[in-house]
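Just so it is clear, none of the values below were taken in a lab; they were calculated from the coordinates. Please read these numbers as outputs of a predicted model, since none were measured by experiment. FYI the Cβ positions are ideal-geometry reconstructions off the backbone, even for glycines, and counts take in every protein chain you see.
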Amino acid sequence: MASGLVVCLIAGLLSFAATWLVRRHASRLGLVQAPNVRSSHSVPTPGGGGLGIVLGGAVATLYALPAAPVPVVTALVASLALAAVGFWDDRAPLHPGLRLLAQAALWLLVVLASGALAPLAPAAGIPVLLLLAGLVLAGVYWINLFNFMDGIDGLAGSQAVFMLLGAAALALAGGATGGEAAGLWWLAGIAAATLGFLLLNWPPATIFMGDVGSTWLGFVLAALALLTVSWGWLSAWQWLILGAAFLTDASVTLGRRLLRRERVFEAHRRHAYQALARRWRSHRRVTLLFIAIDVAWLLPLAAWAGGAGWPAAALAYAPLVALALLAGAGAPEPGS
């Protein structure tokens, strides 16, 4: 336990220091983000601060190597490669097709190395190739969804911390201990790295995560979900509930835009969280609302889902869909 706490401390301090350095040298690095059509900020602000999360999270991942060497090494290498793509994109935007191709290829490597297909395919009752295709599509969707939800101060970072610590707590409650401790500290260490970044990203933020951080976090969360489900620590229903706040907002927004036959790949500010931030004129209030929903509503239901399965997920999502619609997810901006 002591070594795990030390790793968390190192991950958090390294993340904070790296984020502070990126903020200080953002202009030289070409990482100052000017407001654009998707922005919820009005002044140029340093980006790329998620590099600190990547560095701190890499330390935590190295500590987890004994848990499952091949899957962990593959996840580390693939996530660092994706972080490099994200950092490049933060400095000089890449073509969306190239980003998607890189995400799909790197995520495919993680899925194949995880060893999850053999146990999950019979359990799901579907052919291995169909499961593989579904996992790749789901992973790429989640990575991009997480990136899209990184639009106001503190939101994506606090969501990641909740999902990581929530998953670790549920795994512990389910009996994951002993030799599995290194894997549990992996989740806690990445949460600590994210908290180090959040100290500078909490509203009012002085630096943003950027694609280097948001795509890396989305990728690693997906990898951890896949591995912990295949190891029997958590169920897929539990992970779906832990990520429900982001999944609902992004999916309802996408669905409404598709129904309007809009160009869904164009940048926009139509998520529920963005509409609320404009209405309330506060990033802090919206971020705190998401945290409250996560802790007070979703975490208890995720614990129940360990035995209940899909009924718990249905109960978790139903009011969130209604709230997203009421908040204006996918609706045109006033005056547009």
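Among residues of segment 285-336 being among the hydroxyl-bearing types (Ser, Thr, Tyr) and under 19 Å from the mean Cα position of the chain (by Cα), the one that is surrounded by the most Cβ atoms within 10 Å (Cβ to Cβ) is 287. Within segment 127-150, the set of residues being in a loop (DSSP other than H, G, I, E, B) and surrounded by fewer than 21 Cβ atoms within 10 Å (Cβ to Cβ) comprises just one member, 127. It is to be established whether one or more residues within segment 231-243 are touching a Ser or Thr at 6+ places or on another chain (Cβ under 6 Å) and in contact (Cβ under 8 Å) with a residue 40 or more places away in the chain. Yes: segment 231-243 contains one or more residues that are touching a Ser or Thr at 6+ places or on another chain (Cβ under 6 Å) and in contact (Cβ under 8 Å) with a residue 40 or more places away in the chain.
Flag not set for residue 110, criterion: among the β-branched types (Val, Ile, Thr), part of a helix (DSSP H, G or I) and surrounded by fewer than 23 Cβ atoms within 10 Å (Cβ to Cβ).
Residue 30 meets the stated requirement of being on the phi > 0 side of the Ramachandran plot and surrounded by fewer than 18 Cβ atoms within 10 Å (Cβ to Cβ). Inside segment 197-213, residues that are in a helix (DSSP H, G or I) and not β-branched (Val, Ile, Thr) make up a count of 8.
Across segment 267-281, the qualifying residues are those that are in contact with a helix residue (DSSP H, G or I) (Cβ under 9 Å, 6 or more places away or on another chain) and part of a loop (DSSP other than H, G, I, E, B), and the one among them that is surrounded by the most Cβ atoms within 10 Å (Cβ to Cβ) is 271.
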